Amino acid sequence: MSTKEAYKQKINAELGLAQAKLVEFKAEIKNSAADVRIKYNEHLDELQGMVDTTKEKLKELDNAGEDAWEHLKEGIESAWDSLGTALKDTTEKFKK
């Protein structure tokens, strides 16, 4: 397996975990008061946008040649770092 494929599998696995956490958050807010749902739905929509951005970056990686993918790696890691931070912040908010 190439380094590119291994990296892609790693990010895909992490992205799957992020999507599962997003589903969990959505399930948790269904039983919340309307004002709480509105507040968190906006935040969860933002998280979904970050997931979508990371997926798009992975598609770009998929289409990149073996030599060019290293240049895309930085963009993917930036998108993933933003998503990871947002997930962590959301987890903290849900604990309150």
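Overall, the chain carries a charge dipole of about 560 debye about its Cα centre when +1 sits on the Cβ of Lys and Arg and -1 on the Cβ of Asp and Glu, all other atoms neutral. Computed from phi, the 3J(HN,Hα) profile of the range 19-30 under the Karplus parametrisation 6.51, -1.76, 1.60 (θ = phi - 60°) reads 5, 5, 5, 5, 4, 4, 4, 4, 5, 5, 7, 4 Hz, with x in place of Gly and Pro. Model label sites at residue 28 and residue 78, defined 7 Å from Cα along the beta-carbon direction, differ in position by 3.0 nm.
In this structure, the pairs whose alpha-carbon distance is over 28 Å, taken from 4/30; 26/57; 39/88, are 4/30. Comparing 17, 82, 32 along the charge dipole axis of the chain, the residue lying farthest to the positive side is 32, per the Cβ-charge model. The mean sequence separation of alpha-carbon pairs under 8 Å and at least six residues apart, normalised by the residue count of the chain, gives a relative contact order of 32 percent. Taking a ≥ b ≥ c as the square roots of the eigenvalues of the Cα gyration tensor, the range 5-46 is prolate, since a/c reaches 1.5 or more and a/b is larger than b/c. Along the range 70-80 the Karplus relation, 6.51 cos²θ - 1.76 cosθ + 1.60 evaluated at θ = phi - 60°, assigns HN-Hα couplings of 4, 5, 7, 4, 4, x, 5, 5, 5, 4, 5 Hz to successive residues, with x for each Gly and Pro. Students often get this wrong, so try it: which of (i) 0.93; (ii) 1.27; (iii) 1.07 is Rg/Rh (Cα atoms, Kirkwood Rh) as calculated from the structure shown? It is the one labelled (iii). Against the chain, whose longest principal axis comes from its Cα atoms, helix 34-63 is set at around 10 degrees. Projected label points at residue 14 and residue 48, each 7 Å from Cα along the beta carbon direction, are separated by 2.4 nanometres.
None of the figures in this text is laboratory data; all of them are computed from the coordinates on show. The model shown is predicted, which means the values in this text are computed figures rather than measured ones. Every residue, glycine among them, receives a Cβ derived from its backbone with ideal geometry; neighbour counts consider all protein chains shown.
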